[in-house]
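Shown next, in structure tokens, is the structure this report addresses.
Every number in this text was worked out from the coordinates using simple rules, so none of it is lab data. Quick caveat, the model's predicted, so the values are computed rather than measured. Using ideal geometry, Cβ is built from the backbone for each residue, glycine included, and neighbour counts are taken over all protein chains shown.
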Amino acid sequence: MNDVTGGKSFMPTRKWWAALITALTVVMINWVQAGSLSKEILIALIGVVSQAVVSYLVPNDSAPGGVPLKR
């Protein structure tokens, strides 16, 4: 197992990237289904961007991987 002694990274976690890619994929599929960029698609895109920013700004726990330890 790796020794986790460094500080927190400014880089997003893999779970953050997975959630962002999934959400953007859904918006893109919706856009393809709609046939054009509509107000509804833009609202969905704003929602995806806002959740990505908020989840990036909320700090992870200091435990390895940012997940709190089980008690």
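Cβ-Cβ distance of S50 and K70, R₀ of 25 Å, FRET efficiency by 1/(1 + (r/R0)^6): the value works out to about 0.20. Here the Karplus relation 6.51 cos²θ - 1.76 cosθ + 1.60, evaluated at θ = phi - 60°, turns the backbone of the stretch 10-26 into coupling constants of 7, 6, x, 6, 5, 5, 4, 4, 4, 5, 5, 5, 4, 5, 5, 4, 5 Hz, with x for every Gly and Pro.
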